[in-house]
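Working notes, beginning with the structure itself.
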Amino acid sequence: MAASTEHDEQPDAPPPSDGDPGPESTARQAPDVAAPAPVRVRRPRGPLAAAVSVFGELLITAGVVLGLFVVYSLWWTNVLADREAAKQGDDVRHGWAQEKKPGSAPPVYDSEDGIGFLHVPAMNTGEVLVKKGTTASSLNDGIAGYYTEPVKSALPWDEKGNFTLAAHRDGHGARFHNIHKLKTGDPVVFETRDTWYVYKVFKELPKTSKYNVDVLQPVPEESGKKKAGRYLTLTTCTPIYTSDYRYIVWAELERTEKVDKNRTPPPELR
């Protein structure tokens, strides 16, 4: 009788049933266990890094504030000035209509309420109310002002003299923003209650000192004129968005026209 072996003594394992997976299948289906992610220890920021971070935030805040200030200065002040100038202009025209009525008092021309309207087609700014004085508080209303100092302005109806005006170039209505578009030969018209004054540009001075008051003299010799006449001088800041220098345009009266009942503008404005 042959000797039995250890293998012979082990019974055969029963085959796995359909509902009982074998050991190999069980091993294959066991879920993989992910290794825990390493924990990163955040180092505290040093004083230099903290200071740089705070400085950066301050710069961002300052940039936002500066941006808002620019929007206010160059856009919103224009909106406010346009509204105020329109209101004041309507008041002047209403006053003119009242003065035309029988028995009304004669018109007061040299008035802080406004003496008339400047029309400059080349600048494309519509009509510009002109009032007495060139203080910032006046010009901020979106109007032009005639000088009372350092050299007193003449008025259009004076027989001789220099009608000198100033207005903002940017912000607060920016009535003279496009002054650089004026060229020799361009018309400039001033409208009063009863008269159209038609001027023609004869000289431009793109840059001069803000302290140069000679441009306002009754005979502005820098314009090339040597004798008295009926001149118009427009002044504003330059370069645009600065007030370092002044931009000057000179014009001379060519003719006047009486205002008709329909206020028909002269050909230069049609």
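With 0.36 nm allotted per residue and the present C-alpha distance subtracted, the Thr184-Thr264 stretch has 26.3 nm of extension available. Summarising the amide proton neighbourhood of Thr164: residues at separation of 5 or more, or on other chains, whose placed amide H is nearer than 5 Å comprise Tyr147, Ala154, Thr233. On the beta carbon distance between Asp91 and Arg255, with R0 = 35 Å, the FRET formula returns roughly 0.75. Highest mean first, the peptides 211-221, 145-155 sorted by other C-beta atoms within 10 Å per residue fall in the order 145-155, 211-221. Taking each of Lys181/Lys226; Lys131/Lys160; Lys160/Lys207; Lys87/Lys203; Lys131/Lys258 in turn, the alpha-carbon distance tops 23 angstrom for Lys181/Lys226; Lys160/Lys207; Lys87/Lys203. Calculated FRET efficiency, Val213 to Ile60, Cβ-Cβ distance, R0 = 41 Å: about 0.35 to the nearest 0.05.
All of the numbers you see were taken from the coordinates with simple rules; none came from a lab. Quantities reported herein were computed from a predicted structural model and do not represent experimental measurements. Glycine also receives a Cβ, built like all others from the backbone with ideal geometry; neighbour counts cover every protein chain displayed.
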